[in-house]
Amino acid sequence: MKTRTGRHFLQIPGPTNVPDRVLRAMDYPTIDHRGPEFADLTREVLEALGPVFQTRGPVIIYPSSGTGACEAALINTLSSGDRVLIMETGWFSHIAWRHPAEKLGLRVDYVPGTWRRGASPETLEERLVADATHQIKAVVVVHNETSTGVTSRIADVRRAIDHARHPALLIVDTISSLGSIDYRHDEWGVDVTVAGSQKGLMLPPGLAFNAISEKALASSKKAGLPKAYWDWEPMLKNNASGFFPYTPATNLLYALREALAMVHAEGLADVFARHQRHGDATRAAARAWGLEIVCEDPREYSNSLTAMFMPAGHDADRLRTLILEKFDMSLGTGLGKLAGRAFRIGHLGSFNDLMLAGTLCGVEMGLRLAGVPHADGGVTAALDLLGAPARKAEPVLS
Ligand code: PLP
């Protein structure tokens, strides 16, 4: 392996840079997960976790990657043969939702999307109105589609379901938005929110979450898909006294406690405002370079990552490889049908202005070295924006 100096720039859209404070917090002896000290840890973590989802309801913590929590959301609420409407937003609506849902024996209505826009509330409403006998039991939307950098408007999705007077559950994947982009589980009437530890929450990979509404909990009592490890019931029962039904990821829970302390010390509203500035600055750079942003609708720009197209005839992975070799920076690859055509800059989690400036410098130098046609001035455009006074953060409701 090559010797490198300084820190690697991990600018993929997750896993993200883990703050030293969080790394240090894990570096303690593992304790008895059935002892009294553990119960305090669980209680502290669960108390601090709810407000990040903006919920007063229960949040379940699994020792798993995000995909496990996606599966948990489906099998706890649905029965074999149930119809599920999944909005196509990109790679993750397919690989984390459609594919597992089909394997689990659910009947999937995959509502086509262009990979350049979020879930359309209008199309969703039409589909639900057409389902007069309420065969559709759940609607699944990826809040922030990590493959495209498009954020769906969940408040509008909720309104569409309400306008259609449809009783389907609303399941939302916030794996790349939680702790980065404003998200309101209770206010938006979401039934199951799925999240992971390795992005906005600034932890290493290894924890995943389900935030659950009362309606989802009631569905779980009747849901017929087989479940054991992912079953909410023993988890909630054990959590009530501070424990888990199986061995929890103790050291990751230390890390989670520390990361949540950091989020709350900064304040959720300021966390969202910081991500907004970094999103704005990255998009300003893309425009100045003349690279087309994948997201077509400015209302749906993602503040946790930006995906941009390469000019025709230029391969995104060649650019990424050159940037990795020359500048020790990892950028996100194009996924699925965007492979080779687009690259992604992750600007989420533990991240600041100078890290963004360095990231954009690496991209600009890479574009030049790779001979990719572009205009100069992307970094300058971003710096102009970063140098402007920060906007006042909107208060977060709960
Ligand atoms: N959904 C989204 C939106 C994601 O970004 C990811 C991973 O990046 C997943 C699902 C799958 O999560 P994991 O890779 O942690 O299993």
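What is the number of the single condition among (1) more than 29 Å from ILE171 (Cβ to Cβ); (2) outside any loop (DSSP other than H, G, I, E, B); (3) in contact (Cβ under 8 Å) with a residue 12 or more places away in the chain that ARG34 does not meet?
Condition not satisfied by ARG34: (2).
Scan the range 232-247 and report the pairs whose first residue is over 14 Å from ARG34 (Cβ atoms) and touching a residue at least 60 places away in the same chain (Cβ under 8 Å) and whose second residue is among the hydroxyl-bearing types (Ser, Thr, Tyr) and surrounded by 13 or more Cβ atoms within 10 Å (Cβ to Cβ), with Cβ atoms within less than 9 Å and a gap of 6+ or a chain change.
What qualifies is TRP232/SER220; MET235/TYR62.
So, TYR62, is that one away from the ligand (no atom under 16 Å from the Cβ) and among the aromatic types (Phe, Trp, Tyr) or not? First the steps, then the outcome.
Details: away from the ligand (no atom under 16 Å from the Cβ): no; among the aromatic types (Phe, Trp, Tyr): yes.
No.
For ASP328, state whether it is under 19 Å from the mean Cα position of the chain (by Cα) and in contact (Cβ under 8 Å) with a residue 40 or more places away in the chain. Steps first, please.
Working: under 19 Å from the mean Cα position of the chain (by Cα): no; in contact (Cβ under 8 Å) with a residue 40 or more places away in the chain: yes.
So ASP328 fails the test.
Which of the following residues is assigned to a loop (DSSP other than H, G, I, E, B) and either buried (at least 22 other Cβ atoms within 10 Å of the Cβ) or among the β-branched types (Val, Ile, Thr) (or both): THR321, THR282, THR247?
On the way: THR321 fails: assigned to a loop (DSSP other than H, G, I, E, B); THR282 fails: assigned to a loop (DSSP other than H, G, I, E, B).
After ruling out the rest, the residue left standing is THR247.
Considering GLN198, GLN135, which residue is surrounded by fewer than 23 Cβ atoms within 10 Å (Cβ to Cβ) and either within 18 Å of ALA208 (Cα to Cα) or within 10 Å of the ligand (Cβ to nearest atom) (or both)?
On the way: GLN135 fails: either within 18 Å of ALA208 (Cα to Cα) or within 10 Å of the ligand (Cβ to nearest atom) (or both).
Every option except GLN198 fails the conditions.
Considering only residues that are surrounded by fewer than 16 Cβ atoms within 10 Å (Cβ to Cβ) and touching a residue at least 12 places away in the same chain (Cβ under 8 Å), look in the range 297-317 and name the one that is farthest from PHE343 (Cα to Cα). Can you show your working first?
Taking the range 297-317 as the starting set, the residues that turn out to be surrounded by fewer than 16 Cβ atoms within 10 Å (Cβ to Cβ) are 297-299, 311-313, 317.
Now drop any that are not touching a residue at least 12 places away in the same chain (Cβ under 8 Å), which leaves 297, 299, 311, 317.
Values: ASP297: 18, ARG299: 21, PRO311: 11, ASP317: 8 Å.
Looking at the filtered set, the residue picked out is ARG299.
We did not get these values from a lab; they are worked out from the coordinates using the rules stated. Keep in mind the model is a prediction, meaning the values are calculated, not measured. Reconstructed Cβ throughout: ideal geometry from the backbone, glycine too, with neighbour counts over all protein chains shown.
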